[in-house]
1. So in segment B:83-110, with the set limited to residues that are among the small types (Gly, Ala, Ser) and assigned to a helix (DSSP H, G or I), which one is surrounded by the fewest Cβ atoms within 10 Å (Cβ to Cβ)?
2. Among (1) of a type outside the set (S, T, N, Q); (2) crowded, with 24+ Cβ neighbours inside 10 Å; (3) more than 23 Å from B:HIS96 (Cα to Cα); (4) away from the ligand (no atom under 16 Å from the Cβ), where does B:ALA184 come up short?
3. Any residue that is outside any loop (DSSP other than H, G, I, E, B), out of contact with any Leu (no Cβ under 6 Å at 6 or more places or on another chain) and not β-branched (Val, Ile, Thr) - is there at least one of those in segment B:240-248?
4. Looking only at segment A:19-31, which residues are open to solvent by less than 20 Å² (accessible area, probe 1.4 Å) and within 12 Å of chain B (Cβ to nearest Cβ)?
5. Find all pairs meeting these conditions: Cβ atoms under 7 angstrom apart; at least six residues apart or on different chains; first residue within segment B:375-394 and within 11 Å of chain A (Cβ to nearest Cβ); second residue open to solvent by less than 30 Å² (accessible area, probe 1.4 Å) and among the polar types (S, T, N, Q).
6. Any chance segment B:115-123 includes a residue that's on the phi > 0 side of the Ramachandran plot, more than 14 Å from chain A (Cβ to nearest Cβ) and away from the ligand (no atom under 16 Å from the Cβ)?
7. Scan B:ALA82, B:ALA59, B:ALA86 and give me the residue that is within 16 Å of the ligand (Cβ to nearest atom) and either under 22 Å from B:ALA181 (Cα atoms) or under 26 Å from the mean Cα position of the chain (by Cα) (or both).
8. Condition first: more than 10 Å from the ligand (Cβ to nearest atom), outside any strand (DSSP E or B) and at pLDDT 95 or above. Now tell me which residues in segment B:191-208 satisfy that.
Amino acid sequence: MAYSDKLIDHYENPQNVGSMDKAAPDVGTGLVGAPACGDVMKLQLKINDDGIIEDAKFKTFGCGSAIASSSLVTTMVKGQSIEAAEQIKNSDIAAELALPPVKIHCSVLAEDAIKAAIADYRKKRAQQG
Amino acid sequence: MTVKLPIYLDNQATTPVDPRVAEAMIPYLTQFFGNAASRNHSFGWAAEEAVEIAREELAALIGASPKEIVWTSGATESNNLAIKGAAHYYEKKGKHLITVATEHKAVLDSCHALEREGYEVTYLGVQPDGRIDLDELRGAIRDDTVLVSVMFANNEIGVLQPIKEIGAICRERGVVFHTDAVQALGKVPVDVAELGVDLMSMSAHKMYGPKGIGALYVRRGRPRVRLQPLIDGGGHERGLRSGTLAVHQIVGMGKAALYAKEDLDTGKIDEVRRLRDKLWAGLQEQLDELYLNGSWDHRLPNNLNISFAYVEGEAMMMAIKDIAVSSGSACTSASLEPSYVLRALGVDVELAHTSIRFGLGRFTTEEELDYALALIVEKVRWLREMSPLYEMVKEGIDLKSIEWAAH
Ligand SMILES: Cc1ncc(COP(=O)(O)O)c(C=O)c1O
């Protein structure tokens, strides 16, 4: 399978690998996928009081496309508002990395990870009242 | 010393043609190009003589008589001919066959084709080490069983089946015994007489010969095995496989067999084993949570199949792209299902996704192996650093306790 240069670059030099404190009130954590399916993404977003994503970190178990999709997503959401991040579609990710058809599910997972991280953040805020 | 990249460690998929083999083949393309069936001129005689020498060379590797070798286009055809050919010939005796869940697709799909024709096939499972249970085999044989097909060595995990014991069981019950020995030749001694094998599939390109040529051993001595041919035509190969013989390919397979025997006789194969053992020992020393797939004791000397837990197989192959290996990961297969062989052993799907097959070969050097070992260790550590699963496990979280959303 021939991958795009952009995908290979995100895979070989992944951006924003790491973890944040998942208990912190300003951090939303999304954990999506399943080991049995061969991919699990953990995306964490640090969001300030203005609803701006200040930082993003990921860890991913999965194929090269899954890792590249996660890396790309962290660079896309940083500095964005929650609302703008929510608008990111899997097709945007797939197009950016020129994912082959069999790898589209990796971009779907990355979109899910953004949504899950934001949902987690909102839940925390709601609990804080 | 610098190693030349990329490094080829996928010798279960195919092997390079040995330069000595390639050299022996060339004159049969340009100079001695005759049709081996041309009985009336020297071009034909030269071709026929070359074919018969190759037949002797291959027969010598497996302890057979040259008359028992039938040339085919490869082991896929040999498996088809053995299974469908025996089933059809012995149809009156019965329509039941026995094979194993971990067989090559060429065997499994031949069986599926027979099922569509009304035959019944029993697919034996395997134990966690990849070997069949002999008592289960005994229990599966019925009065209408005509063929048992069990591979010599598995192409993914290199596990060796108890061929001699299976041969004895089949002989006692009067059932024809076929084995796909593609992966075993030149790696472990194979003697059809001693093993009680009736039909045996072989392929040149897994033993440093060319692609597109194979053979089927068909027992002639007591008991004689009969087959119905798949291909109709000029009646070549005693009517079992019509078609003008591919002389240069056959010459290549003969020489490949000669050198395969040399690997066994000279102890070259023990050197391959030493390197394989060094790889496994080195990985275990430097990495945790590695799982060997399949038996260690009953295994080809050149195969290693390991699950690197929490590191997906395709990502791993991309990370070590200078080393050619293969993976049982779903991401590398068209079906998006992880290896059916590993699943048959009862390997967790999670671990099947992380499996890598290493196939060493005649031309693998110590420098290449050392380079590969260091690179693999570095990249597994890098990928685990990036793996949320590895992180969770290190935090003491039981991955099985999490409700994952299947997708
Ligand atoms: C065990 C086994 N049987 C059969 C085959 C098919 O052989 P060929 O490529 O010669 O058709 C292979 C190789 O893919 C194999 O590994």
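The values are calculated or read from the model by the stated rules, or taken from the named source; none is laboratory data. The shown structure was predicted, so the numbers you read here are calculated from the model rather than taken from an experiment. FYI the Cβ positions are ideal-geometry reconstructions off the backbone, even for glycines, and counts take in every protein chain you see. Side chains are part of the model used for accessible areas, which takes the heavy atoms of the whole protein and leaves out ligands, DNA and RNA. Shrake-Rupley method; radii C 1.70, N 1.55, O 1.52, S 1.80 Å.
1. B:ALA106
2. Condition (4) is where B:ALA184 drops out.
3. Taking every residue of segment B:240-248 in turn, none turns out to be outside any loop (DSSP other than H, G, I, E, B), out of contact with any Leu (no Cβ under 6 Å at 6 or more places or on another chain) and not β-branched (Val, Ile, Thr).
4. The one that is open to solvent by less than 20 Å² (accessible area, probe 1.4 Å) and within 12 Å of chain B (Cβ to nearest Cβ): A:GLY30.
5. As it stands, the answer is B:MET386/A:THR60; B:PRO388/A:THR60, since those pairs meet every condition given.
6. Scanning segment B:115-123, I find at least one residue that is on the phi > 0 side of the Ramachandran plot, more than 14 Å from chain A (Cβ to nearest Cβ) and away from the ligand (no atom under 16 Å from the Cβ), so the answer is yes.
7. After ruling out the rest, the residue left standing is B:ALA82.
8. B:ASP191, B:VAL192, B:GLU194, B:LEU195, B:GLY196, B:VAL197, B:ASP198, B:MET207, B:TYR208
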